[in-house]
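The values are calculated or read from the model by the stated rules, or taken from the named source; none is laboratory data. The shown structure was predicted, so the numbers you read here are calculated from the model rather than taken from an experiment. Neighbour counts run over all protein chains shown; Cβ positions are idealised from the backbone, glycine included. Ligands, DNA and RNA are excluded from the accessible area calculation, which covers all protein heavy atoms including side chains. Shrake-Rupley method; radii C 1.70, N 1.55, O 1.52, S 1.80 Å.
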Amino acid sequence: GKPQTALQHLKRALQVDFQCLPALSHVAAVYHELGETDAELQVLTLLYEALGKRPSAAASSSPYFLMRTELLVHTPVLTSLLRHHHPSEVKYLLAQRCLQDGRVADAVEHYLDFLSLLQEGLQQQVPLDGSSALPRIPEVFLEAASALEQAERHQDAITLCEEVISRTTDLIPRVLQVEEMLEQPECSLPGAELAGRLLSQKESLCCLAWRAAGYLHQGWAWAKLGESKEAVTQFSRCLSDLLRVQLHGSGIKQTENLQPEVEVLQKIRLLALIGRGTQFLELGRHKQALLDFQHSLQLSPGDPAAASYLVQALWKLNRKQEAAAQWQKFSQSCPGEDGQQQGQGRPIPLYLVSCLEQAMFPHSEPLARSIQDYLGAAAQDTSC
């Protein structure tokens, strides 16, 4: 809990041995904890350059190098402290941090560099022992697509998402029954078989989430290109995919093992409904838009974007009294409570953040003024 003191010791370690790159990676981690993004990115860039200049294993085969500290230490905690990061891991961290900080152009550059490293054979660069900082590869593709979208390179984003969709299609069953296995008594299955089936369902849910997220990103990308009909098609494919999962609340609540995957699927469904509804509004299909926004609120009661779009759809359908009543209902609800409820949930995956931002309602003030004018006129008519 003393990050400044930690920085002093890590810098001293680098002064003792300038090739102690694990110390450099820990410096970046401390800067990240302190929220000093510029310093963190500088250190990560320096680490990536240093890793690129490291001598190969063949050139490091002298007896001196065989006595490296990390080869003599077998305590798990110390081993993890001295673990060398691979260049691809550092490149991904650079991309991720830039995307999180809104540095879209830099994020795109780093993600594209990282994808080029994938083409060179990532399995030879990153250990497969679970210690890597890299997420699953489809998530990296979706994060890169998110960065490309924010950089207004929508066609490139669509292409990346198509790769995710095509690669995961054959891995998803037509119908995924989640609750049946969970509701069986534990004694009916051996422990290994139960764990295996749970892992299989977890993997299927992950693949489904990636594929659905691919369609979701494509929908928003086509929307940004002004192709509302194509956007509706992609959002509909996303929603159709999610119908493959047959979830029952009682079954899911019996375990926490699959809850993160289920929450991601629900968030994707919410964003797809809002996205398709917005494009129905663009096409003048207001009744269909209204249905999507109503379903959104059933899925996530009180969601500000869905509530605002619902009011707009009612307004466009000339159901102004209902629109005003809904607007008053949602404006009177305490925003602090909604924010507190949202904060209690798990953070959404990085690849969904841009979709969440695009789903936000952009016309709040003009719509509010129109409704207030309507309510004011209605009040005058009543008094007369």
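Numbers below:
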quantity: Residue match in segment 323-346 (condition: closer than 28 Å to Y215 by Cα, assigned to a helix (DSSP H, G or I) and modelled with pLDDT of 95 or more); calculated: no
quantity: Candidates L148, L182, L128 - the one that is open to solvent by less than 50 Å² (accessible area, probe 1.4 Å) and at pLDDT below 95; calculated: L182
quantity: Segment 231-258 residues that are more than 20 Å from A221 (Cα to Cα) and part of a helix (DSSP H, G or I), paired with ones that are open to solvent by 70 Å² or more (accessible area, probe 1.4 Å) and at pLDDT below 65 (beta carbon under 8 Å, 6 or more apart); calculated: S250/E183; G251/E180; G251/E183
quantity: Which listed residue, of Q19, Q42, is assigned to a helix (DSSP H, G or I) and either among the aromatic types (F, W, Y) or over 13 Å from P87 (Cβ atoms) (or both); calculated: Q42
quantity: Segment 241-284, subset among the polar types (S, T, N, Q) and at pLDDT below 95, residue nearest to G214 (Cα to Cα); calculated: Q266
quantity: Segment 3-28 residues that are within 18 Å of E49 (Cα to Cα), paired with ones that are open to solvent by less than 40 Å² (accessible area, probe 1.4 Å) and outside any helix (DSSP H, G or I) (beta carbon under 7 Å, 6 or more apart); calculated: L14/C20
quantity: Filter result (touching a residue at least 40 places away in the same chain (Cβ under 8 Å) and assigned to a loop (DSSP other than H, G, I, E, B)) within segment 351-369; calculated: A359, M360, F361, H363
